[in-house]
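Below is one structure; the comments refer to it alone.
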Amino acid sequence: MTSVSMVFVTAPDQETATRLTTRVVKEELAACGNILPAVRSIYRWKGEVHDDAESMVIFKTTCAGSDRLRERLVELHPYECPEVLVVHTDAGHADYLSWVEQSVRKML
């Protein structure tokens, strides 16, 4: 069974999230990205607490491809220090896992 990773990324707005998602899916670094258009982020940055509206993207890729996807997202992202979190899964629907693997195969 294929190992799949979920990569979570916040973006300043839905347009940026869409641009990032479209780019990495076209580059076959991710099989897909689910855009959650409205999340509220409260965080500390450079000594100050911020409260911002953002969008969240959940990408699916193979575990083998997760480092490459992470690096590319950091390159493309407008933030100085983007949130890019990789979570490896150990189970899932076999047909879906196979689809993810087929969708990112060219990069390996």
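The values are calculated or read from the model by the stated rules, or taken from the named source; none is laboratory data. In this text, all values refer to a predicted model and were calculated from it rather than measured experimentally. We place every Cβ from the backbone using ideal geometry, glycine too, and count neighbours over all the protein chains shown.
Side notes on the structure shown:
- Residue in the stretch 19-31 that is within 20 Å of Val86 (Cα to Cα), among the aliphatic types (A, V, I, L, M) and touching a His at 6+ places or on another chain (Cβ under 9 Å) present: yes
- All conditions in (1) part of a strand (DSSP E or B); (2) out of contact with any Lys or Arg (no Cβ under 8 Å at 6 or more places or on another chain); (3) loosely packed, with under 12 Cβ neighbours inside 10 Å hold for Ile35, with the sole exception of (3).
- Every listed requirement among (1) surrounded by fewer than 18 Cβ atoms within 10 Å (Cβ to Cβ); (2) touching a Phe, Trp or Tyr at 6+ places or on another chain (Cβ under 6 Å); (3) not in a strand (DSSP E or B) is met by Asp67 save one, (2).
- Cross-chain or 6+ apart pairs with Cβ under 7 Å, the stretch 24-50 first and farther than 30 Å from Thr62 by Cβ and without any contact (Cβ under 8 Å) to a residue 60 or more places away in the chain, then of a type in the set (A, V, I, L, M) and surrounded by 11 or more Cβ atoms within 10 Å (Cβ to Cβ): Arg40/Ala53
- Selection status of Ser103, closer than 21 Å to Ser5 by Cβ, hydroxyl-bearing (Ser, Thr, Tyr), touching a residue at least 40 places away in the same chain (Cβ under 8 Å) and part of a helix (DSSP H, G or I): yes
- Filter pass, Glu71 being more than 12 Å from Ser3 (Cβ to Cβ) and more than 11 Å from the chain's Cα centre (by Cα): no
- Checked against the criterion of being assigned to a strand (DSSP E or B), at pLDDT 95 or above and within 14 Å of the chain's Cα centre (by Cα), the stretch 38-51 has no qualifying residue.
- Within the stretch 72-83, none of the residues are basic (Lys, Arg) and either in a strand (DSSP E or B) or without any contact (Cβ under 8 Å) to a residue 24 or more places away in the chain (or both).
- From the list Thr21, Thr61, Thr16, Thr10, the one residue that fits, being in contact (Cβ under 8 Å) with a residue 12 or more places away in the chain, hydroxyl-bearing (Ser, Thr, Tyr), surrounded by 15 or more Cβ atoms within 10 Å (Cβ to Cβ) and touching a Lys or Arg at 6+ places or on another chain (Cβ under 9 Å), is Thr61.
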